[in-house]
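Novice: What follows is a single structure, and I will ask about it in a moment.
The values are calculated or read from the model by the stated rules, or taken from the named source; none is laboratory data. Just so we're clear, the structure is a prediction, and the values are computed from it rather than from any experiment. Neighbour counts run over all protein chains shown; Cβ positions are idealised from the backbone, glycine included.
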Amino acid sequence: MQFNKDLAHALSPSAWAKEYFGLDLDPWQIQMLDSPSRRVILNIHRQGGKSTMSSLAVLHTALFRPNSLSLIIAPALRQSQENFKKVRWFIDQLPSCPSFDESTKLSLQFDNGSRILSLPGGSEGATIRGFSRPDVIVEDEASRCSDELYQALRPMMATNPHCKLILCSTPWGQRGHFYKIWAKESDWLKLRVVASECKRITQSFLNEEKKALGPWVFSQEYEGEFVGDESQLFTLAMVKRAHDTTIPIVSLGGF
């Protein structure tokens, strides 16, 4: 019976997260955790839970896939530390898990051989070179990570065709690999959630934020829009709607 339960949790990280941590997962979180897709890009509003879900994904891999390697990469050391704290918090909630062979503020290794490393990206990606055959790579705040960093991490996956690459961020203009993948790549699982869809955030708070931040910043942080700059006349969403062939043509008489 325990074997069947472990198998079910191995196949469904969301079921494992619900049972052991009592999480009331959003639909996109269930889809992200359980998807077999090897390429996932998360355009999720601020405080939407993208870093938490990424931490759960790497911990699940470490526990259910012995000898695995999971990398959590963020633009700065402070962000890497915060992400790793989420992993450690989840570990502390578990009734049992493999013992540690090694544990520091930014890395751990279980006695099942699995490792989780949290790394600062740096501007050129030099800090992440040297790792090979990872099973999961999370690039957190991906819109703020350099293209050089992204280019440095991709060759790591060359000898592991099953490696899962997760990019998670809010937009930061129409530039960089996060924007290009979201706008142009077709072979990625793309999940976008705006703050008004989150049951944990009130509309009154969003109204206050829009007033305080202005529509340009608000649309990036809470609505997942890849805006140009404040002087741009047409937003990306407006341009896409102009090319939508499903919108019926309205006749204007003789014109």
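Novice: Ser143 - would you say it is farther than 23 Å from Gly48 by Cβ and polar (S, T, N, Q)?
Specialist: Numbers: farther than 23 Å from Gly48 by Cβ: no; polar (S, T, N, Q): yes.
No: the conditions fail for Ser143.
Novice: Which condition number in (1) over 14 Å from the mean Cα position of the chain (by Cα); (2) free of Cβ contacts under 8 Å to residues at least 60 places away in the same chain; (3) assigned to a helix (DSSP H, G or I) is the one that Leu56 fails?
Specialist: Looking at each condition in turn, Leu56 falls short on (1).
Novice: Keeping to the stretch 107-154, report how many residues are closer than 25 Å to Arg65 by Cα, in a loop (DSSP other than H, G, I, E, B), of a type outside the set (Lys, Arg) and at pLDDT 85 or above.
Specialist: Result for the stretch 107-154: 8.
Novice: When the stretch 172-203 is examined, which residues are found to be aliphatic (A, V, I, L, M), under 23 Å from Leu149 (Cβ atoms) and surrounded by 13 or more Cβ atoms within 10 Å (Cβ to Cβ)? Walk me through it before giving the result.
Specialist: Looking only at the stretch 172-203, we keep the residues that are aliphatic (A, V, I, L, M), and these are 181, 183, 189, 191, 193-195, 201.
Narrowing the set further to residues that are under 23 Å from Leu149 (Cβ atoms) leaves 181, 183, 189, 191.
If the condition is that a residue be aliphatic (A, V, I, L, M), under 23 Å from Leu149 (Cβ atoms) and surrounded by 13 or more Cβ atoms within 10 Å (Cβ to Cβ), then Ile181, Leu189, Leu191 are the ones that fit.
Novice: Select from the stretch 81-117 the residues that are within 21 Å of the chain's Cα centre (by Cα) and basic (Lys, Arg) and write down the one among them that is farthest from Gly49 (Cα to Cα).
Specialist: Selected residue: Arg115.
Novice: Right, next: I'd like to verify a number: residues in the stretch 155-177 that are in a helix (DSSP H, G or I) and farther than 16 Å from Ile72 by Cβ, how many?
Specialist: Within the stretch 155-177, the subset in a helix (DSSP H, G or I) is 155-157, 176-177.
Filter once more, keeping what is farther than 16 Å from Ile72 by Cβ: 155, 176-177.
Going through the stretch 155-177 one residue at a time, the tally reaches 3.
Novice: Cβ-Cβ below 8 Å, separation at least six or inter-chain, first residue in the stretch 74-86 and within 19 Å of Phe21 (Cα to Cα), second outside any helix (DSSP H, G or I) and aromatic (Phe, Trp, Tyr): which pairs?
Specialist: Close Cβ pairs satisfying both conditions: none exist.
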